Amino acid sequence: MPSSVMPTPRNGAPAAISAVGLRKSYGDKTVLDGVDIHVPKGTVFALLGPNGAGKTTVVKILSTLITADAGHAQIAGHDLTTAPHAIRAAIGVTGQFSAVDGLITGTENMLLMADLHHLPRPEGRRVAAELLERFDLTDAAHRPASTYSGGMKRRLDIAMTLVGNPSIIFLDEPTTGLDPRSRHTMWQIIRQLVTDGTTVLLTTQYLEEADQLADRIALLHHATIAAEGTPDELKRLIPGGHVRLRFTHPTTYRSAATALPDATPDHQALTLQLPSDGTQRHLRTVLDRLDTAGIEADELTVHTPDLDDVFFALTTDHAKENAR
């Protein structure tokens, strides 16, 4: 990959992962077309996107499994082109499909991973036991992994990834196929990893998952990043947020409508609706206007677009631009 200037860290935060201009094509199909990524240490960065958007390709490039056609990247302070072995020693990867061997026990899977990391046998056994306990797998440790539930296999998969004590973990759709309880358990595991200082790059198709876990989110679509920001920043990109005020007394409602002439009234429901960006400042402005008029609403609700709104709006608009 040709070298290029790396991006300046945001807010001075040291980058665990930093990439500029990643490109990848297979024949005449462009999978990535100039993708930039910056992931500060000790944070969760989520890649969202529809099937085929390039999420897994990003993970494979940054984890040294495949090479990019162009671009430059540093992982854990090491250059992706010149120091792939150092990068592999610093990272862990949990792919879409489990690496667990169902024919052997949970303990044997862990010890196999310890051998691959060249840990001395006593240390390997200690690390395996500690991780099995940490992921609540001790009782099942001596059973064949084929008898594990989907959630247990996923926990074992991540436990195996942690044997080498990586500072950066790539999780490629780690909760796909899990039931809601197992998914929430996985979220708790990921939060704890970050609390312990691990950096996580997560790909997911579950918008709620990105909203719950990610410090920053990038939306991949048609081989490029359509938008990037915190969950709240992305939600504010989409119109439709509003404040809704409900009144029980018609006289109060009419007074409020006079004080808030820019509101959309519903005379039958005795409600007023005002566009809002969802910020505290805007809400305070609305309340100040009511206080000045001596009016108190009986009910106030704030609606902000969610990541579903962001996803559909940005991917649809982006698709239309590319179709022109």
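Read-outs throughout are calculated quantities, based only on the coordinates presented, and are distinct from any laboratory measurement. Since the structure is predicted, the reported quantities are computational estimates derived from the model, not experimental observations. Cβ placement follows ideal geometry from the backbone for every residue including glycine, while neighbour counts extend to all protein chains displayed.
Computed from Cα positions, the angle between helix 280-292 and the longest principal axis of the chain comes to roughly 20 degrees. Within segment 140-206, all pairs of alpha-carbon atoms sorted by distance into 10 Å bins from zero give the percentages 19, 53, 26, 1. Can you tell me what share of the DSSP beta bridges in the chain is antiparallel? A percent to the nearest 5 is fine. Antiparallel bridges: around 65 percent, rounded to the nearest 5. When Rg and the Kirkwood Rh are both derived from Cα coordinates, the Rg/Rh ratio for the chain amounts to 1.09. Tell me the angle of helix 307-323 to the major Cα principal axis of the chain, expressed in degrees between 0 and 90 and rounded to the nearest ten. The answer is roughly 80 degrees.
Note on the chain: with a GNM built from Cα contacts shorter than 10 Å, the maximum mean-square fluctuation among Gly102, Gly21, Gly71 falls on Gly102.
Note on Glu130 and Glu208: the model spin-label points, each 7 Å out from Cα along the C-beta direction, lie 3.5 nm apart. Backbone phi angles across segment 25-38, fed through the Karplus curve with coefficients 6.51, -1.76 and 1.60 (θ = phi - 60°), yield HN-Hα couplings of 10, 10, x, 8, 9, 8, 8, 10, 10, x, 9, 10, 9, 9 Hz in residue order; Gly and Pro are listed as x. Please identify, among Thr175, Thr138, Thr292, the residue showing maximal mean-square fluctuation in a Gaussian network model of the chain using a 10 angstrom Cα cutoff. For the chain, modelled as a Gaussian network with Cα springs under 10 Å, the answer is Thr292.
The slack in the chain from Asp266 to Thr252, taken as 0.36 nm per residue of separation less the alpha-carbon distance, amounts to 3.7 nm. Length gained on full extension, Asp277 to Asp291, computed as 0.36 nm times the residue gap minus the Cα-Cα distance: 3.0 nm. A Förster distance of 35 Å, applied to the separation of the beta-carbon atoms of His118 and Asp139, puts the FRET efficiency at 0.75. Between Tyr26 and Ala99, the C-beta separation translates, for a Förster distance of 25 Å, into a calculated FRET efficiency of about 0.55. Helix 250-259 and the longest principal axis of the Cα set of the chain meet at an angle near 80°. So how many Lys-Lys pairs in the chain land under 20 Å Cα to Cα, not counting same-chain pairs under 8 apart? The number of close lysine pairs in the chain is 6. Per-residue extension of 0.36 nm, minus the Cα-Cα distance of Trp187 and Thr301, leaves a gain of 38.2 nm for this segment. Label sites at Thr230 and Thr67, each approximated as a point 7 angstrom past Cα along Cα to Cβ, lie 4.0 nm apart.
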